[in-house]
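Taking it in order: structure first as structure tokens, then the write-up.
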Amino acid sequence: MKVPFAGAIDCDLHPAMPGAAALLPYLADYWRDQLVNRHIDKYSFVLTSYPPHSPLSARPDWRQPSGAPAGDLDAIRRHALDPFRSRIGICNVLHGAVALFNEDMAAALCAAVNDWTARELLDREPRLRASILVPTHSPALAVDEIERVAADRRFVQVLLFAMGDMLLGRRLYWPIYAAAEKHGLAIAIHAGSTYRHAPTPSGWPAHRVEDYIAQSTAFESQLLSFLAEGVFQKFPALKLVLSESGVTWLPTLLWRTSKTWRGVRPEVPWIDRPPGEIVREHVRLTLQPLDAPDGETLARTLEHIGSDRMLLFSTDYPHWHFDGDDVLPDGLSAAAVRRLLIDNPLDTYPRLRDGAAMSDNGGQKQEAVR
Amino acid sequence: MNVPLRHAAASAGLTIVDCDIHPAYRTPQDLHPFLPARWREHMTTFGEHLRQGLSGQLAWPRMMAAGMRLDSFPEQGPPGSDLKLMQTQHLDPNGVEYGMLMQLSRGGMEERNLDFAAALSGAVNDWQLEAFVKPEPRLRAGIVVPQEDAAFAVSEIERRADDRRFAQILISPRSSDPLGHRRYWPIYEAAQRCDRPIALHVQGFSGGHASTPSGWPTYYLQEHYAATTGMQNTLTSLVFEGVFERFPGLKVVLIEGGFAWAPALAWRMDKHWERMRQEVPHVKRPPSEYVREHCWFTTQPIEEPETPAHLADIIGWIGWDRLMFSTDYPHWDFDDPQHVFKFQPTEEQKQKIFRDNAKALYGLQ
Amino acid sequence: MTRRETRQVVARASDVKPGTARVVTVKGRDIGIFNLDGEFFALANRCPHAGGPLCQGRIVALVQSDGPGHYRLARQQEFLRCPWHGWEFDIRTGQSWCDPNSTRARQFAITVEPGAQLVKGPYVAETFPVSVEEDYLVIDLAG
């Protein structure tokens, strides 16, 4: 089904990554020196999770003539924004700096990517918003980056990855959530791995498709980590967005966690109400990919989830999850579509409700979204 | 002694096949009669060599009674070690017509020393027969084999193949490589040849990897859940490595790993198989078809959605002929057959889940 | 049955020491008698979750928390953990307490009509009123 009216908020799209050369102007002297003299600038920082020529990574009609998965701003307008008449698109730049072990280098490159995003994307296209890329494996440096960028209210969330060093609910990551909550930023966990661990508890699958499928189990583990560690008790204003997760795994997690909680409650006594309630309040999921074979099945699954507040519209451009403009599943009511396209994203991202959003460059004033 | 209320219900004619019962050793020395002297000494001197930080203890302590029902402790020995109590507390009052034994510990599945693992495997298989199956004909053993030593596993399977008191082959889904890996294929070939299902019971001991893709959980609440995500990954591996394509007669039972996740995983596998078929040309059909044809799921620990009828949706999607009732006696998250369904299955659905599906799979009369 | 017949003597008060439970069978029903510091309560020995022998569970305090990493005990020896799945039940009322916020609220709101403000667990264990008459414990099976 096509998007029936204009004004949607696309909560997950992926512009082309800047090449190293494009990042050099945004780096401090030392890092520019290191990248050039160590030939690091010859690398493109592509994540293993998204091999550029894999069918999942890009729909054929969204590929660039060069074969690159995504294109420049013109391509984003032509492919991701205009066909769906989206009013806003949130950019998740999946740059591999996060996979570097050197925390300082990762932090420097993340900052460069964020600055590049602000100048090259946000300044030039008023419909775009972005995530703050951070070196998660150094919570202190991640917080520094959030603090550095947060004043630019076109950044609406902090981007983390579904498979990383440690489960993200753990206390050592809490400074990141404190900073996000303070600045009205959501936390987005996006599909993808830095492969610090095997993707499964029994080791390393042979095929990329298995790794991708395993991402949904990573989301389950991460969400359960947030619940068990009490992140939502500690940060009651925090919203968690699960991006590119598949969605239909959710009811099982709600049921199982609520049931087990009743028997293990004394272990985690800060969980003060059924986990299903906590999830419905704090957690959101982007739409694509949607692991449901038809509208009827999706309708039943949404009933199992028990909330119409949780889904956020997304195209996941340029990843190949649907054909043509048929981004919406069949069978959704008009009210459900409206919630999905506009209301749920607005509820999730307070910064989208700003009357005006200024870059620290004194860039264009943004129209009120409503 | 109190008269258990359930006697009245049991005499109402419910008979079940319980697809997950855990026997236990009365003492650590129970295996000794079945072990060669060299390994008796090894067991005493060195013990098991497992992939965990604590010895004889779990790093996520259970909430009570070592993870057992508090009322399942016999006079002597741990829960599950006293056949008489198992009979009076569970088999008799719950109308158990057949019970599938799942002996998880000291069977070699998790043992790092593969020579010791082989000895343990043979011993535990002998022990199951002597201690439980011979005195209690309702019970069936499982051929416990160390999956990391496929050659030995095949030999042990073949040694037991003619003994129909062994209903299936037990390997660990927390293996060192995903179970679809071809180094495990000789085990599947042997299983197919001797017409026994492969039983994948969730395993508390690591095969060398953290229980989530981002490392280790903090709380038991999480570790308990990790059994279900691991089982999903294992099933994905079996499908995408082409195990079901290569062994069309293979049957797999997924035990205590949950089942409510199965439809969503099947949809997810189908969707991404479509997109990525070029990578896996040996997977000739949609993954959901392989799952439908080759896999069975046990019920415990059953989900309890706020709206009980939602679980009927899930079972409908999986297939009412694919689910088999289990209690997990004597563990704490035990499902009681009188109370397991919070919605009302039809009589036919109940018969299938409580009895007929398991009888068909295991060839029980 | 008349009211006289529904009232059953089940034990001496002194048989049930403070902080302990005793399970008795009364007209075919298993009932657990609890002594909370001299007050007696009775619960059916049947967990409303899945039928487990509730009154054979451990008598515990209520674990509460002000936030992650903080733990405290309240209402010592007033809660029962089902020996099967560990669900917690308030011995005084039979109410399941998988929601500690409402446990706190319930203490303050004890004179208030239960209902709208209180969030309770979905199960209530079957309870029976108990009185002490000449040092005997008498259960009223009529509830």
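Under the combined filter of DSSP loop state and at most 16 neighbouring Cβ atoms within 10 Å, segment A:26-72 retains these chymotrypsin sites (Phe, Trp or Tyr not before Pro): A:43. Counting Cβ atoms of other protein chains within 10 Å of each residue's Cβ and taking the mean over peptide C:58-69 gives 5. Counting, for every residue in A:268-281, the Cβ atoms of other protein chains within 10 Å of its Cβ and taking the mean gives 5.
Write down the Kirkwood hydrodynamic radius of segment A:9-352, to one decimal in angstroms, obtained as one divided by the mean of 1/r over all alpha carbon pairs. Spell out each step's value before the answer.
Values: mean 1/r = 0.0491 Å⁻¹.
So the Kirkwood estimate lands at 20.4 Å.
Loop-resident trypsin sites (Lys or Arg not before Pro) (DSSP state other than H, G, I, E or B) in segment A:83-136 with no more than 15 further Cβ atoms inside 10 Å of their Cβ: A:85, A:124. The value obtained for segment A:1-67, namely the Cα convex hull volume divided by the number of residues, is 159 Å³ per residue. Hydrophobic, long helices, defined as DSSP H runs whose alpha-carbon span along the helix axis is 24 Å or greater and whose mean Kyte-Doolittle value is at least -0.5, occur in chain A at A:208-229.
Mind checking the log10 I(q)/I(0) for the protein assembly as shown at q = 0.07, 0.09 Å⁻¹? Debye, one equal scatterer per Cα, no solvent, two decimals. For the protein assembly as shown, the Cα-only Debye profile gives -0.60, -0.96.
Assuming charge only on the beta carbon of Lys and Arg (+1) and of Asp and Glu (-1), the dipole of segment A:161-220 about its Cα centre is about 200 debye to the nearest 20. Contact order, relative form, for chain A: 21 percent (alpha carbon pairs under 8 Å, 6 or more residues apart, mean separation divided by residue count). Applying a DSSP loop filter and a limit of 16 other Cβ atoms within 10 Å to the chymotrypsin sites (Phe, Trp or Tyr not before Pro) in segment C:1-74 leaves C:71. Think of the protein assembly as shown as a dipole: +1 on every Lys or Arg Cβ, -1 on every Asp or Glu Cβ, centred on the Cα centre; then among A:57, C:54, A:43, C:54 lies furthest on the positive end. In a reduced charge model with +1 at each Lys and Arg Cβ and -1 at each Asp and Glu Cβ, chain B shows a dipole moment near 520 debye about its Cα centre.
Could you work out the relative contact order of segment B:6-362, using alpha carbon pairs under 8 angstrom and six or more residues apart, expressed as a whole percent? Could the numbers behind the result be given before it?
Values: 604 pairs, mean separation 66.6, N = 357.
Averaging sequence separation for qualifying contacts and normalising by length gives 19 percent for segment B:6-362.
Mean partner shielding of peptide B:297-308, defined as the number of other chain Cβ atoms within 10 Å of each residue Cβ, is 4. Among A:100, A:128, A:111, whose Cα lies farthest out toward the positive end of the dipole of segment A:90-194, if unit charges sit on the beta carbon of Lys, Arg (+1) and Asp, Glu (-1)? Of A:100, A:128, A:111, it is A:128. Geometric descriptor of segment C:25-91, per residue, is 87 Å³ (volume of the convex hull of the Cα atoms). Using bins of 10 Å that start at zero, the share of Cα-Cα pairs per bin across chain B amounts to 5, 24, 35, 26, 8, 1, 0, in whole %.
With viscosity 1.002 mPa s and temperature 20 °C, the Kirkwood radius over alpha carbon pairs of segment B:227-365 converts through Stokes-Einstein to a diffusion coefficient of 135 µm²/s. For chain A, the residue among A:16, A:155, A:30 whose Cα projects farthest onto the positive side of the dipole built from Cβ charges is A:155. Dipole magnitude for the protein assembly as shown: computed about the Cα centre from +1 point charges on Lys and Arg Cβ and -1 point charges on Asp and Glu Cβ, it is near 500 debye.
Any read-out appearing in this document is the output of simple, stated calculations on the displayed coordinates, not a laboratory observation. Bear in mind the structure is a predicted one, so any value in this text is a computation, not a measurement. Cβ sites come from the backbone with ideal geometry, for glycine too, and all protein chains shown count toward neighbours.
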